[in-house]
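The block underneath contains the structure these notes are about, expressed in structure tokens.
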Amino acid sequence: MKHTFIITAALVLMASAARAQNSVVDGVGVSGVKLDHDGGQFTVDMDLNLTGLDVERNRAVLVTPRLVNGEDSVDFPSVAVYGRRRYFYYVRNKVSMLTGTEEDNYRTGDKPDEKQYHEVLPYESWMNGATLWIHRDLYGCCNSLLDEQAAPLGEYWAFEPQLVYLTPSPVKETRSLEGRANIVFRVNKTDIDPSYHNNTAELAKIRATIDSVRSDNDITITSVLLKGFASPESPYSHNAMLAAGRVAAVKAYVQNLYRFADGVISTDFEPENWQELREYVDKSTLAHRSEILGLIDTDMDPDAKEANIKKAYPQDYKLLLQDCYPYLRHTDYKVSYVVRTFTDIEEIKRVYASEPSKLGLNEMFMLAQEYEPGTEEFTEIFETAVRMYPSSEEANLNVAVAEIRRGDMDNARKHLAKAGDSGEAVYTRGVVAVMDKDYATARQLLENAKARGIREADYCLSYIDKATKAN
């Protein structure tokens with residue numbers, strides 16, 4: 001399921017804007033036209049050249065910028081120039097000028113040759129795509145309108161794409177906790193002696209991991225995997241028997257404590273732990289380190305390999321027996337579990353405040369919808385989601401959308417790189433390319449997204465057409 005919200009990007013297109021100082025209407029030149037939309041405000045800036053505007057003594061000229069889009073329009077405050085007699089009439093009789101107080105008025109002899117025009121109005125959605133006009137109205141006696149002129153200064157287009165974010169699947173992934181217990185068995189024994197070496201503490205590791213999830217009513221343990229490892233000394237067949245027997249003993253220990261249902265606990269074993277032996281030797285300072293690594297890497301039978309190391313490098317072998325082999329004999333464990341699904345939004349809020357790691361992406365998404373897009377709360381939830389699920393393409397896409405909405409483009413690009421290749425992700429990369437004014441890349445991405453059913457791409461492609469035409 002796809003949801004959308006609108007962002008306002010800081011990307012504005014002004015097409016065919018007046019730039020020269022030559023008159024666009026009688027006596028009025030316009031240059032440096034700039035329209036801007038920032039949050040809830042719409043700003044007009046331009047330079048007016050009034051050098052050629054001479055007004056007869058009983059007349060007045062009203063210069064008014066007007067924004068028009070179909071049936072919608074709005075006038076910005078006017079600049080009025082009055083003839084001498086007309087100006088003093090208003091002043092002497094203490095009556096308002098042509099438009100009241102919403103105008104910047106001058107007597108014709110005192111008007112500036114150049115005027116920097118700057119005005120701000122509340123932004124409304126219809127202003128996107130509107131045309132800015134300059135109107136010149138000539139008034140005579142008794143405020144009679146004698147002449148009207150108007151000229152377009154350009155169109156305003158703000159890039160306001162609909163960004164899409166994804167509703168994650170309500171199915172929760174299985175989670176897991178993993179660890180290692182270095183349980184020491186007596187020579188050629190497979191039974192556990194808790195008092196032997198540090199076995200009490202090592203067994204406690206397994207119990208602590210299981211207890212950390214088993215005691216939580218929101219969690220169900222689905223499996224416990226135990227894998228035993230033995231060291232390479234003695235014949236391979238004997239080590240296989242020891243590894244299998246020892247991991248079976250650990251299973252019996254766990255089963256006796258927790259009484260899991262049949263099938264929850266499973267076991268595996270590695271008769272000889274050559275991989276970790278190689279890692280130890282590789283980082284060691286043994287006298288014949290390279291030679292021993294060479295023997296480990298051969299395809300030789302395990303018993304022959306171990307015998308060759310023992311015979312060729314007895315001093316190094318002695319050190320391995322003493323410092324390395326005991327740590328090759330261990331039991332790895334993995335406790336897999338699922339967290340129940342939360343559907344009540346108030347409960348989701350409570351869990352998020354105390355244990356956000358219990359929530360799945362779908363539940364975090366539900367929570368985010370309780371807040372206005374762009375708010376700190378909204379964005380923070382998506383940031384938490386991607387921390388909890390850093391490899392999730394959905395989480396990376398959603399947080400990228402939230403970051404674009406907030407204007408955090410650096411982090412948005414980082415997360416987009418991990419958002420996968422869904423139509424929505426391709427579309428969002430296209431939006432970013434438009435914002436970067438990389439229209440060639442943007443068009444390619446957006447055409448791809450459109451072909452995959454992302455209808456929001458049409459608006460962006462239309463904007464690219466206008467932008468490239470204006471340039």
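Filtered by the rule that a residue be among the aliphatic types (A, V, I, L, M), without any contact (Cβ under 8 Å) to a residue 60 or more places away in the chain and in a loop (DSSP other than H, G, I, E, B), segment 172-208 gives a lone residue, V187. For beta carbons closer than 8 Å, sequence separation of 6+ or different chains, a first residue in segment 25-43 that is assigned to a loop (DSSP other than H, G, I, E, B) and a second that is of a type in the set (G, A, S), the qualifying pairs are D26/G52; G27/G52. Annotation: of all residues in segment 184-232 being surrounded by 18 or more Cβ atoms within 10 Å (Cβ to Cβ) and aromatic (F, W, Y), the one that is modelled with the highest pLDDT is F229. Among the residues of segment 127-170, which ones are at pLDDT below 90, touching a Gly at 6+ places or on another chain (Cβ under 8 Å) and part of a loop (DSSP other than H, G, I, E, B)? The answer is P170, and nothing else. For segment 288-303, a tally of residues being among the β-branched types (V, I, T) and in a helix (DSSP H, G or I) returns 2. Residue selection: V81 fails the criterion of being without any contact (Cβ under 8 Å) to a residue 40 or more places away in the chain, loosely packed, with under 15 Cβ neighbours inside 10 Å and of a type in the set (V, I, T).
Only a single item in (1) in contact (Cβ under 8 Å) with a residue 40 or more places away in the chain; (2) surrounded by fewer than 19 Cβ atoms within 10 Å (Cβ to Cβ) is not met by K283, and it is number (1). Segment 333-452 holds helices (runs of 4 or more DSSP H) entirely within its bounds, and those carrying 3 or more residues that are open to solvent by less than 10 Å² (accessible area, probe 1.4 Å) map to 361-368, 376-388, 393-406, 423-435, 439-451.
Counting the residues of segment 111-169 that are of a type outside the set (D, E), free of Cβ contacts under 8 Å to residues at least 24 places away in the same chain and closer than 20 Å to L53 by Cβ gives 2.
For segment 236-244, check the following and say yes or no: at least one residue is surrounded by 18 or more Cβ atoms within 10 Å (Cβ to Cβ), in contact with a Gly (Cβ under 9 Å, 6 or more places away or on another chain) and part of a helix (DSSP H, G or I).
Looking for residues that are surrounded by 18 or more Cβ atoms within 10 Å (Cβ to Cβ), in contact with a Gly (Cβ under 9 Å, 6 or more places away or on another chain) and part of a helix (DSSP H, G or I), one finds at least one in segment 236-244, hence yes.
The values are calculated or read from the model by the stated rules, or taken from the named source; none is laboratory data. All values reported here derive from a predicted model rather than from experimental measurement. We place every Cβ from the backbone using ideal geometry, glycine too, and count neighbours over all the protein chains shown. Just so you know, the surface numbers come from the protein's heavy atoms only, side chains and all, with ligands and any DNA or RNA stripped out. Shrake-Rupley method; radii C 1.70, N 1.55, O 1.52, S 1.80 Å.
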